[in-house]
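Any read-out appearing in this document is the output of simple, stated calculations on the displayed coordinates, not a laboratory observation. Just so it is clear, the model here is predicted, and its values are computed rather than measured. Glycine gets a Cβ as well: all are built from the backbone with ideal geometry, and neighbour counts include every protein chain shown.
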Amino acid sequence: MKKIFLFLTVLFNISYAGLLIMPKEVLKENFPNAKYEKKNILLLSSQKKKIEKLSGKKLNSNIFTTYIVKKDNKIIGYAILHSHKVRTKNEVILISFDKDCKVKDVEIIAFYEPPEYMLNKNWLNLLKDKDKKIHHI
């Protein structure tokens, strides 16, 4: 059935979109045998303004879904869900960081545009191991 769907998608150029992978699956891949705690963070308006100034981008929301990843009760990493518009519809990515806040992985979780607008994994891999000076907000 999956092969038939794929064949029809290619044959008739049908675009499909939606949830691609669950965040917990990505966390399992990036942090094997670890546990994670999901937390929603509500930014104060002053924190939001500071982030917007540092990033040069306007934030869509004051609420962020984050994950604190632990192994043997020690923090080994973090992850954050980020949603933004690609053209007219949203994309949701999960950015995973090691304990030093260096980018470990960027995974597209959900994509609602036609597939040809989705970044490929090679491009996303260019973001790995990037780090920025951490600013206290």
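Just a few scattered comments:
- FRET efficiency estimate (nearest 0.05) - Cβ-Cβ, residue 71 to residue 113, R0 22 angstrom: 0.05
- Our summary gives the stretch 17-125 a relative contact order of 26 percent, counting only alpha carbon pairs under 8 angstrom and 6 or more residues apart.
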